[in-house]
Amino acid sequence: MLLLLTLGLPLRAQVPLQRAEQLLTPTELRADLQQLRHLIQKKHPAPYRYTTRARMDQWFDSLSNTLNAPTSARAFLASITTLYPLLGDGHTLFLPADEGAEHSYLPIDVLLLGDSLFVRCDGPAGSGVHAGDRILSINESPAEDVVRALMERQVRDGYNATYPAWILDQWFRAYYRFAFGEPTHFEVRLHEVDGPERSTRVPALPLDSIRARWPSCRQEAPGSMELTWPDTGIAMLVIPSFETAMLTNANGKPADQLRAAFARIRERGVDRLVLDLRGNQGGDPALAKLLLAHLLTEPFTLVAEGPASGTTGPVAVPYAGTLYTLMDGGSFSATGMVLAQLEMQGRGALIGEEAGGGRTVLSGSARTTRLTHTRIACTVSRKTWQLLPRADDGHGVRPTHSVAGTVSDHLRGRDAAMEESMRLIRTGQ
């Protein structure tokens, strides 16, 4: 029943004319579904970690029974992504082929908070779209239905909800297209800030046109580690990723950047460090180990069993001052591993939202296979990473100081989590 309900949700957003999509036959779709079934049930290391075999078999059988008419690859993708909540593996994901294709999107920059949608940035003059407006519906689908449909089609580790929410907040327009298709325009019902409800009509646009016509108010993520000094005796280290390729730049290799940052912290005699791991979706476990080796004074095991296992010792002179770590739903994979060690060893305050990556066990070491007919790219985990020898609760590390931003925070450019870290420093906590 859940499957039928979730598959039906996108139909309410199909009011405007849809751009034409190539259709595949039921036979082709069933063949791809069987191929996916083999990948998940035969290749994935733990397909039944968060569900039962009977429940997953029912999911595949129920979907197969609905494939009775020609359907587009995009609509098929919207169907198979409802497997994500059953699987509970953020490293297994399905993406459309879209090789060289140009698509059109909702041009509004959407802010997701809870189950509500807001306008993040002012639209062009005359668009009738203003930052802070609450989005009540898109093409006659209530916003809460849109959010529910997209959340049910988003990856996560275990029962975690902050990672899928973080992804949708980052790339709402892309995932909206995956689930709802490409209408030629959007009828958007808005509730103005301190004003009335009203409707506006905006055209669907390709990404280049959106970048040219619709102003963006998003802050660019740093392309490398950043070390700053907010106040005397305080350092702030931002690590946006553990991906070696992303961080290697004119400042040197990531490992060298990290060692240099802690050398400067040591030279200045800093005894209060704010470590910002928000939006860090992971990367090289070796870099994660190097970070922990500078923060912990005792040997540690980043992974108890699986890839990258083994004991790592601290550096000769690790940072021994007070640590404040910022985290959110985008703190995933290797970053979740780092946070699990900090949590287990009680290494300072953890500020923000539940981490997106699992705190006990995860699946990874994924490989990508394209389904034969739809050409959907299925990246499926092949190994288990047991982080700590304890029972799995299906969640990421939770903060010791919970902080979630509000609409007002976003409009004002206020960083509530950073402010909380400064408050803790001022009060000596």
Could you pull out every residue, at least 5 positions away or on a different chain, whose amide H is within less than 5 Å of the one on Ala131? Hs are placed 1.01 Å off N in the peptide plane, and Pro or chain starts have none. Asp122, Gly123
Between helix 416-426 and the chain: long-axis angle, C-alpha atoms, 0 to 90°, nearest 10: 20
Apply the Karplus curve 6.51 cos²θ - 1.76 cosθ + 1.60, θ = phi - 60°, to the phi angles in segment 113-128 and return the couplings in whole Hz, x for Gly and Pro. 10, x, 9, 10, 10, 9, 7, 7, 10, 4, x, x, 4, x, 7, x
For segment 127-277, alpha-carbon Rg and Dmax in angstrom: 21.0, 60
For the chain, build the charge dipole from Cβ charges (+1 Lys, Arg; -1 Asp, Glu) around the Cα centre, then report which of Leu23, Cys217, Gly269 sits farthest towards its positive end. Leu23
Excluding the sites themselves, what is the longest stretch of the chain that contains no chymotrypsin sites (Phe, Trp or Tyr not before Pro) in a DSSP loop with at most 16 other C-beta atoms within 10 Å? 172-429
Using only the alpha carbon atoms of segment 1-217, find the Kirkwood hydrodynamic radius as the inverse mean reciprocal pair distance, in angstroms to one decimal. 18.3
Of the convex hull enclosing the alpha-carbon atoms of segment 296-424, the direction-averaged projected area in nm² is 11.0
Estimated dipole of the chain in Debye, rounded to 20 [Cβ of Lys and Arg +1, of Asp and Glu -1, Cα centre]: 860
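Kirkwood hydrodynamic radius of segment 242-336 from all distinct Cα pairs, in Å?
Every distinct Cα pair counted, the radius reaches 14.1 Å.
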Send over the Kirkwood Rh of segment 100-184, from the inverse of the averaged 1/r over different Cα pairs, rounded to one decimal Å. 13.5
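Would you mind ranking Met344, Met225 so that the residue whose beta carbon has the fewest other beta carbons within 10 Å leads the list?
Details: Met344 15, Met225 19.
With the fewest neighbours first, Met344, Met225 line up as Met344, Met225.
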Could you run the Debye sum over the Cα atoms of the chain, one equal point scatterer each and no solvent, and tell me log10 of I(q)/I(0) at q = 0.07, 0.09, 0.10, 0.12 Å⁻¹, two decimals? -0.37, -0.62, -0.76, -1.07
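A short reminder: the numbers here are calculations on the coordinates, not readings from a lab. Computed from a predicted model, the values in this text were never measured in an experiment. Counting neighbours? That spans all protein chains shown, and the Cβs are built from the backbone with ideal geometry, glycine included.
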